[in-house]
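Heads up: the structure comes next, in structure tokens.
Readers should treat all values here as calculations from the given coordinates under stated rules, not as data from a laboratory. Keep in mind the model is a prediction, meaning the values are calculated, not measured. Neighbour counts run over all protein chains shown; Cβ positions are idealised from the backbone, glycine included.
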Amino acid sequence: MRILIKRTWGLLEGHERRQLGLLVLLMIGQACLEVVSIGSILPFMGLLERPEAIHSMWFTQWAYETLGFTSDRAFLVMAGVIVLALFLLVNVVNALSLWAQARFAWMRSFSISRRLLAAFLGRPYTFFLRRNTSDFNRSIYQEVRQVVVGLILPSVRLLSRSISIILILALLIYINWWLSLGLAVLFAGTYAIVFLVSRKALSQIGTSIVRANEECYRVTNEAFGGIKEAKLGGLESAYVDAFSPPGHVVARMSTRRVVIAGVPRYILESVAFGGMLALVLILLGTTGSIAKIIPTASVFAFAGYRLMPALSQIFISVANIRSSTASLDVVVKDLDDAADEPDFNLDAAPLPLVKSLALKDLSFSYDGNSQAILENINLEIACGESIALVGPTGAGKTTLIDILLGLLEPGSGQMLVDDVSIDRTTVRGWQRQLGYVPQHIFLGDDTIARNISLGTAAEDINRERLEQTATIAGLHEFITTDLPEGYETRVGERGVRLSGGQIQRLGLARALYGEPSVLFLDEATSALDAHTEQQVMQGIQGEARDRTVIVIAHRLSTVRFCDRIVVLDRGRIVDMGSWDDLMDRCEVFQKLAGEHESSVASSGSD
């Protein structure tokens, strides 16, 4: 339990810990008021039994004279109103405490989810190559919610109820210590037996739910992410069948958790009722007068009325905490792993390409794999130069582009921009100067304008630049003519309302919108027909006069305009030069060009 408290405490930041301190003070005040309200019953019931006692006790006599009462009946009415007011005040404070507890817990849900999202987004690109996106969604939503609902909120309630129980028991011990201790032992023994029987089952339930939820998220992500393939392949039933076993486990385990947490309440209530009957019989046997036991029995009865929900909440809270430790482990591990990762300098000064971009003796392999993806790469690209990277499948073109983009860190060697080494302290400044068009364009379910100016607030969008880049990408006429709302038309989730070629052109417009000094095209025209591709490449060539362009080409005809063509094969640069030079001397390039000519001829014959 000490380790659990320490790990939960570690999830809170400084200001959150101070808020928890204030919340504890509020709960102590709530418990004190509750004890005062319960304690007021004993003297009030005593006065009802013997009204003449008003004049025999100093504080009632003082109040009687000071407030100018003339009859005992009127004084008793006033005392009843005060007792009622105390109970109303306690309920108001209880409601305030409930609000404060809920707000504290759910604001922690927001802050932990936000920190977890920031932690994930701050990880290196290689981290995302090793993890499934369903893991991120599950951690940010499901596991954080379980930590809040099953651990933080129950912990706050446990603390609140424990304070109340301790103070109420202290009052009862003051009134009748031997009866109070007897009842305390009875309740504590019952609670301990139930807890010991159920705690192992609760831990196993928590672990089972985490694993089953992970599988549920994976299946639904795959189903909706590949909905076109699922429809074409008639895979709907297969995905439903894959979802059913882990979904059934979640439902079954959640039911079991609720039952294990809730049933002890009825056991404790039965024990409490039996205890109260035993209390009355014991008092009746020792005093012999029902009238004499009424005040004490009333206090104990009302204390039991307050204690039973508190005891039930304590058990439910402990049960939820026990079954939520697996979710806590997931969240803490993700945050700790991110904290151990060296930080990127997010405020790095812009690093535009002025002279040259150089790779020196650069090698790379994934996760320490002995097989190098890139080996001994030496390349210098002058500012304003157009470079094409070509090679057979698996040659390392995309990996090299990812290193040039600063997404992957070289295993050995250096990347230099104007003699400045690109590392975690400088990479953000370099990336601010880049435009990138990948093979597969990400589109949000937003307007054309917001997708082109990705990350820019709607009021800050440069409309002139928006239309200029859309024109270069061959998209402006389609937007203004065919779309009813023009640039304000929503594209649908993942661009389902656009064709593949239109999506790729939109990605090109996005890359150009920020006016990058270096433009990367990773097979950026692969989804375009030959005529549209020629139009787009003409626009790119016009843009290339003012910036450096690095291209991975799907069709070799699109790289003829480049100043140099770099040929890669099996992770090495085997040659570089102009189209004509490479056709004369480079066998790898000749083979690629031959395959290209064959595919063009085949397309023409079709």
Residues whose placed amide H lies under 5 Å from that of Leu519, excluding near-sequence neighbours = Gly435, Thr548, Val549, Ile550
task = Go ahead and run the numbers for FRET between Arg570 and Ile166, Cβ-Cβ distance against an R0 of 60 Å, rounding to 0.05.
result = 0.25
remark   = Label model pair Glu16, Met78: point-to-point distance (7 angstrom along the Cα→beta-carbon line) in nm is 5.1 nm
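Give the Kirkwood hydrodynamic radius (Å, one decimal) of segment 65-174, defined as one over the mean of 1/r across all pairs of different Cα atoms.
One decimal place: 18.6 Å for the Kirkwood radius.
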request  = Return the long-range amide H neighbours of Met576 (sequence gap of 5 or more, or a different chain), with a cut-off of under 5 Å between placed amide H atoms.
outcome  = Val567
request  = Compute the Rg/Rh shape ratio of segment 342-473: radius of gyration over Kirkwood radius, all on alpha-carbon atoms.
outcome  = 1.00
query = Cα centroid distance between segment 65-108 and segment 380-441, in Å?
reply = 70 Å
message = Skipping prolines and chain starts, which residues have an amide H placed within reach, meaning under 5 Å, of the one on Leu389, given they are 5 or more residues away or on another chain?
response = Val551, Ile552, Ala553, Val566
task = Starting from the Cα of Ile267, step 7 Å along the direction of its Cβ; do the same at Arg145; then give the gap between the two resulting points in nm.
result = 3.0 nm
task = Evaluate the relative contact order of segment 386-457 (contact order divided by residue number), counting alpha-carbon pairs under 8 angstrom at least 6 apart; express in whole percent.
result = 16 percent
message = Can you work out the Karplus-derived ³J(HN,Hα) for every residue in segment 558-566? Use 6.51 cos²θ - 1.76 cosθ + 1.60 with θ = phi - 60°, whole Hz, and x for glycine or proline.
response = 7, 10, 4, 6, 5, 5, 9, 10, 9
note = With label points set 7 Å from each Cα along the Cα-to-Cβ direction at Arg130 and Val185, the distance between them in nm comes to 5.7 nm
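Using a Förster radius of 60 Å, what is the FRET efficiency between Ala457 and Val36 based on their Cβ-Cβ separation? Nearest 0.05, please. Please list the in-between numbers first.
Working: r = 54 Å, r/R0 = 0.91.
E between Ala457 and Val36, to the nearest 0.05, is 0.65.
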remark   = Ala382 neighbourhood, Cβ < 13 Å, K/R = +1, D/E = -1, net charge -1
task = Would you please name the GluC sites (Glu not before Pro) within segment 439-502 that are DSSP coil residues with at most 12 other C-beta atoms within 10 Å of their C-beta?
result = Glu485
ask   = Fully extended, how many nm does the chain gain between Ala118 and Val240 (0.36 nm per residue separation, minus their Cα-Cα distance)?
value = 40.7 nm
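Subtract the Cα-Cα distance of Ser499 and Ala102 from 0.36 nm times their separation in residues, and report this length gain in nm to one decimal. Don't skip to the end; give the middle numbers.
On the way: separation 397, 0.36 × 397 = 142.92 nm, distance 4.73 nm.
Net length gain for the segment: 138.2 nm.
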Added length on full extension, which subtracts the Cα-Cα distance from 0.36 nm per residue, Ser71 to Leu4 = 18.2 nm
